[in-house]
Amino acid sequence: MNSISNKQLLEALNWRYATKFFDETKKIPGDVWQTLERALILTPTSYGLQPYHFVVMTGAEKRAELMAHSWKQKQVVQCSHYVVFAARKKVTESDVDHWIQHLSEVRKVPLDSLKEYRGTIIGDVVHGLRSVVVHEWATRQAYIALGNLMTCAAMLGVDACPMEGFVPAEYDRVLELEEMGYGAVVNCALGYRSEKDKYAGVPKARFEASDLIRKI
C-alpha cells in the first residue's frame, strides 16, 4: 500500500478548518463522495457493531427545514452534502445476531465459532452495565466516525464543518429517526469553502505539544 508523506498529512490537517461559509455553486463530485461514504463505513467501532445511522442530505427542502432547528446556521443549506449522525437508542439481541450473521458470512466461518463472541457482546451492551447507557456509548462511536470523515475529507481537499448547535428532538422528528430507534447526536456540513469566508485565512490556534502530551 502506498502511503502519503508526513508532510502531506500535516498540510491537509493544517489546511482544514470549521468552514463557516460554503460556495453553493461547488458540489462534491460523485466519485469523491462515494469515497467519503466508504470512509464512514470503514470507521472502526466497538465490537464492530456500527451502532449508528448516517443521513446524507443533498436536497434543499429538508435541509431548509432543519436549518430552523440548527440555530439558523447557514452551512446546513449552503454546503454540498449535509450528514446527520444518529446513534442507536438501544441494542437488542436481534441486532447482535444480525451482526454475527454478517460477520460469519464475510469471514466464512461457522456461526458456532462466534458463539462466545456473541455472548460477550450481549452480556455487555444488551444486558450488562453498558446497556443502561447504550445511547451515550453509541454516540461516542458516532463521534469516531465524524472524526474519520473530517480527516478523510481534508485529505481529499473537501471542506467540512462539524455542528453540534441544533435541536436533536426536532431533527429526530423531521427525519423520523425515533421510529427507527436512533437519535441525532451531531452533524457535519461538507463542500468547498467560499472565497468570502474570512475564517479560512485565520491562523490555527492550538496549544503546544508540551501542554497536551505527556511522554513516559
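A few remarks follow.
- Test: residue in region 94-101 that is under 30 Å from Thr58 (Cβ atoms) and in contact (Cβ under 8 Å) with a residue 40 or more places away in the chain: yes
- Residue list for region 1-30, filter: without any contact (Cβ under 8 Å) to a residue 24 or more places away in the chain and not polar (S, T, N, Q): Met1, Lys7, Leu10, Glu11, Pro29, Gly30
- Breaking point among (1) out of contact with any Leu (no Cβ under 7 Å at 6 or more places or on another chain); (2) surrounded by 12 or more Cβ atoms within 10 Å (Cβ to Cβ); (3) of a type in the set (Ser, Thr, Tyr), for Ser104: (1)
- The set of residues in region 136-169 that are within 24 Å of Val91 (Cα to Cα) and touching a Gly at 6+ places or on another chain (Cβ under 7 Å) contains only Pro168.
- The lone exception for Trp33 - which of (1) assigned to a loop (DSSP other than H, G, I, E, B); (2) touching a residue at least 40 places away in the same chain (Cβ under 8 Å) it fails: (1)
- Going through (1) buried (at least 19 other Cβ atoms within 10 Å of the Cβ); (2) under 16 Å from the mean Cα position of the chain (by Cα); (3) aliphatic (A, V, I, L, M); (4) within 30 Å of Tyr192 (Cβ to Cβ) one by one, Leu66 falls short only on (2).
- Verdict on Val158 being touching a helix residue (DSSP H, G or I) at 6+ places or on another chain (Cβ under 7 Å) and modelled with pLDDT of 95 or more: yes
- Among residues of region 168-181 that are more than 21 Å from Ala60 (Cα to Cα), those with a Cβ under 8 angstrom from a residue that is of a type in the set (D, E, K, R) and buried (at least 18 other Cβ atoms within 10 Å of the Cβ), sequence gap 6+ or separate chain, pair up as Glu178/Asp172; Gly181/Arg88.
The values are calculated or read from the model by the stated rules, or taken from the named source; none is laboratory data. Note that the coordinates shown come from a computational prediction; the quantities given were computed from them, not determined experimentally. All Cβ positions, glycine included, derive from the backbone under ideal geometry; neighbour counts span all protein chains shown.
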